[in-house]
Amino acid sequence: MRTATISKKDIIKTAIIMIEKGDKITFSIISRKMKITSQSLYNYFKNQKELEYAIVGTVISSACTIAQAKTFGKSGHDGVISLSLMFRKMGVRHINLAQFVISHHRTNQYKIVTDAFNELKVLLDRMLESYIESDKLLKASRLIRSLVVGDILNVGTGWFKSPEVRAESSFVEMLNLSLNALKNS
């Protein structure tokens, strides 16, 4: 075993890499990968569940940071589409990680998760505020999240493989139709 100093960030990064490869994560598997004892992980996380939610919070927060940078300066309908596409592309590109995050129930038990979901809500609401009336924000936000998550899972697991219709173009069309219907309701 190594005696080098590790950090929460190192552990989370190692676990994320393992999830991306499709590996199962447990304290014993992570510790073997990091060449440390599994007991040393308890210095950073109370249990496996706390580590998993630290991963969820880290992934959501990182995705928000990337999406915010990539959609900087965009607003209105085009901004909403851009932001939605950005989250969809990240999820499809990192399907194992997306499935891991989606499989965890939303909770306020862990600050990192609460902060990450608040960050996501603020990012999405700011983009929507320039396009959707305030009384329809919650519905629009739910609509976008449902379409993005659904498309990530369907495309990422191979359900949307049709030569007639590209998955991304059908996603944009569904998003446009749904947003326009909500806006005009």
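The values are calculated or read from the model by the stated rules, or taken from the named source; none is laboratory data. From a predicted model like this one, the values you see are computed outputs, not experimental measurements. For neighbour counting, all protein chains shown are included, and Cβ atoms are generated from backbone atoms with ideal geometry for every residue, glycine included. The accessibility values were calculated without ligands, DNA or RNA, using every heavy atom of the protein model including side chains. Shrake-Rupley method; radii C 1.70, N 1.55, O 1.52, S 1.80 Å.
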**Request:** Specify the inter-centroid distance of the stretch 143-185 and the stretch 37-77, based on alpha-carbon positions, in whole Å.
**Result:** 25
**Asked** Heavy-atom accessible area per residue, the stretch 46-185, 1.4 Å probe: how many Å²?
**Response** 56
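Once neighbouring chains are kept in place and the probe is 1.4 Å, which whole percent of the accessible area of the chain is contributed by carbon and sulfur?
54
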**Request:** Give, in nm to one decimal, the length gained when the segment between Ile29 and Lys46 is fully stretched (0.36 nm per residue of separation minus the Cα-Cα distance).
**Result:** 4.5 nm
**Request:** Would you calculate, for the chain, the mean residue ellipticity at 222 nm contributed by helices, counting each DSSP H stretch of 4 or more residues as -39,500 (n - 2.57) and dividing by all residues, to the nearest 500?
**Result:** -22500 deg cm²/dmol
**Fill in**
Length gained, Asp10-Arg106, 0.36 nm per residue minus C-alpha separation, equals 32.2 nm
**Request:** Treating only the Cβ atoms of Lys and Arg (+1) and Asp and Glu (-1) as charged, compute the dipole magnitude of the stretch 1-131 about its Cα centre; round to the nearest 20 debye.
**Result:** 480
**Prompt:** So, in nm, how far is label Met174 from label Asp78 when the simple model puts each one 7 Å beyond its Cα toward the Cβ?
**Reply:** 2.5
**Prompt:** Dividing the alpha-carbon radius of gyration of the stretch 28-92 by 2.2 N^0.38 Å (N being the number of residues), what value is obtained?
**Reply:** 1.62
**Asked** Counting alpha carbon pairs within less than 8 Å and at least 6 residues apart, what relative contact order, in whole percent, applies to the stretch 81-156?
**Response** 52
